[in-house]
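In what follows, a structure is listed as structure tokens, so that the remarks can point back to it.
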Amino acid sequence: ICQHSPAPANCREMPANGNARPAEVAAVEVKPAAPLSRPEQEMRFVLVRGSNPLCNPDCPEWISAEGTIVAGTPDRLRELLDTVGGLRLPLVINSPGGDV
């Protein structure tokens with residue numbers, strides 16, 4: 001942006017030391033880090049309610065789903081939905097995948 005002529009008002013040139021040389025840096029071989037192995041946990045569902053004192057007793061609610069999807073996951077979700085009755089709550093999913 002500052003290379004345009006005329007330069008914008010918020011650009012200014014900073015004088016540098018004309019005799020300065022780049023610092024020498026040692027060459028270091030960097031190996032990639034091993035991925036963290038985390039045991040896969042089956043998906044669990046939790047009914048979450050906001051806790052801001054300004055919205056009590058009408059704080060937002062949602063369903064949090066975290067973990068790997070397995071064959072029994074839909075049944076556990078159905079159990080939770082039956083528990084909350086006719087409430088139409090948002091479903092927030094965090095999953096690496098699984099038996100989709």
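Any chance the stretch 53-67 includes a residue that's more than 25 Å from the chain's Cα centre (by Cα) and aliphatic (A, V, I, L, M)? Yes, some residue in the stretch 53-67 is more than 25 Å from the chain's Cα centre (by Cα) and aliphatic (A, V, I, L, M).
Every test in (1) in contact with a helix residue (DSSP H, G or I) (Cβ under 9 Å, 6 or more places away or on another chain); (2) modelled with pLDDT of 95 or more is passed by Leu47 save one, and that test is (2).
The values are calculated or read from the model by the stated rules, or taken from the named source; none is laboratory data. None of these values were measured; they are calculated from a predicted model. Virtual Cβ from ideal backbone geometry, glycine too; neighbours counted across all protein chains shown.
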